[in-house]
Amino acid sequence: METTTETRTVVSEFLGTLLLVFFAVGSAVLAGEYIGTFGIALAFGFTLLALAYAIGPISGSHVNPAVTLGMLLAHRITPRTAIEYWIAQLLGGIVGAALLFLVAKQVPGLKTDEAFGSNGWGDRSAVHINLGGAFVAEIVLTFLLVFVVLAVTHRVAVVGFDGLPIGLALATVHLIGIPLTGTSVNPARSIGPALFAGGGALSQLWLFIVAPLIGGALAAVVHQVTHPPNEPKLVADERSAT
C-alpha cells in the first residue's frame, strides 16, 4: 500500500513518541532502582539517538512538542505540519504510557499511583525543589535540547551524525534534571504518564507543558541570532582569510 509523505511523517512522530515513553520512561518505572539516575539518563539519550536514525530522515524525529514549536518558530515547518505533529506526539505519548502501565501492573508490588515516571516539584521532587525553581529548570533544560536540535539539523531531517549530539543533549539534561523534577523537557512525555499516575502528577502537569514550550520558543529565538539564515560560517571565513 502506497503512503503519502504526510502520512509517513505523522505515523513516525506517533510511533517515535510512543517508543520514547515506553522505553525511556519505562527505564525509570521498571528498572529505576537497578540502573539509577545515570542509567535512566542514558536510556533517554540512547532511545532518542536510535529514533533519530530510524525516523529522523522521515519526520525529523521531533517526538517532542517543544522541539516542534522550535522548528515552527524557526520557519522550518508550516503551522499545519506543527499541529499534525503535536496531535501525533500527544497520542503517541498516551499510548506509550498505556502500554507501559499495562506492563507495570504485571509487576507485583510496583507502585504507579502519583509516581509512574511522572514529573513534579515540592514533595514530588527528589531534592524538594520549589515551583519557581522547577519552572526555571525546565525552561533552561528544554532550551539546551531544542537549541542543539536546531543547531545541528538542516531544515527538518536528521542526517549523518546529527543524532549523536541530540541524544547526548537529552542524556545530559536528564542527568541534571532527574533529581530536580524528574525531567520533562517534553510535554508529550509528561502528559502520558501523568494521566495514569493521577493525583499530584496531574495537578502539577501544567508546569511541564508550559515551561518546556517556553524553553523551546526561547531556543528558536536565540538560534535565529546565533545561526542567522544564509549567514556564512565564521570559521570558514576565518580559514579562507588566512
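The values are calculated or read from the model by the stated rules, or taken from the named source; none is laboratory data. These numbers come from a predicted model, not from an experiment. Cβ placement follows ideal geometry from the backbone for every residue including glycine, while neighbour counts extend to all protein chains displayed.
The residues of segment 54-67 that are under 17 Å from residue 144 (Cβ atoms) and not in a loop (DSSP other than H, G, I, E, B), listed by number, are 65, 66, 67.
Filtered by the rule that a residue be out of contact with any Phe, Trp or Tyr (no Cβ under 7 Å at 6 or more places or on another chain) and either buried (at least 18 other Cβ atoms within 10 Å of the Cβ) or polar (S, T, N, Q) (or both), segment 11-22 gives 12, 14, 15, 16, 17, 18, 19, 20, 21, 22.
Residues to consider are 151, 98; find the one that is closer than 30 Å to residue 228 by Cα and part of a helix (DSSP H, G or I).
Details: 98 fails: closer than 30 Å to residue 228 by Cα.
None of the others qualify; the one that does is 151.
Go through 39, 70, 45 for me and flag whichever is crowded, with 24+ Cβ neighbours inside 10 Å and either part of a helix (DSSP H, G or I) or at pLDDT below 95 (or both). It would help to see each step written out before you state the result.
Values: 39 fails: crowded, with 24+ Cβ neighbours inside 10 Å; 45 fails: crowded, with 24+ Cβ neighbours inside 10 Å.
Criteria check complete, one pass: 70.
Pick from segment 115-128 the residues that are over 21 Å from the mean Cα position of the chain (by Cα) and under 22 Å from residue 33 (Cβ atoms): which of them is surrounded by the fewest Cβ atoms within 10 Å (Cβ to Cβ)? The selected residue is 123.
Looking at 114, 84, which is the one that is part of a helix (DSSP H, G or I) and among the charged types (D, E, K, R)? Talk me through it step by step, then tell me what you get.
On the way: 114 fails: part of a helix (DSSP H, G or I).
After applying the criteria, what remains is 84.
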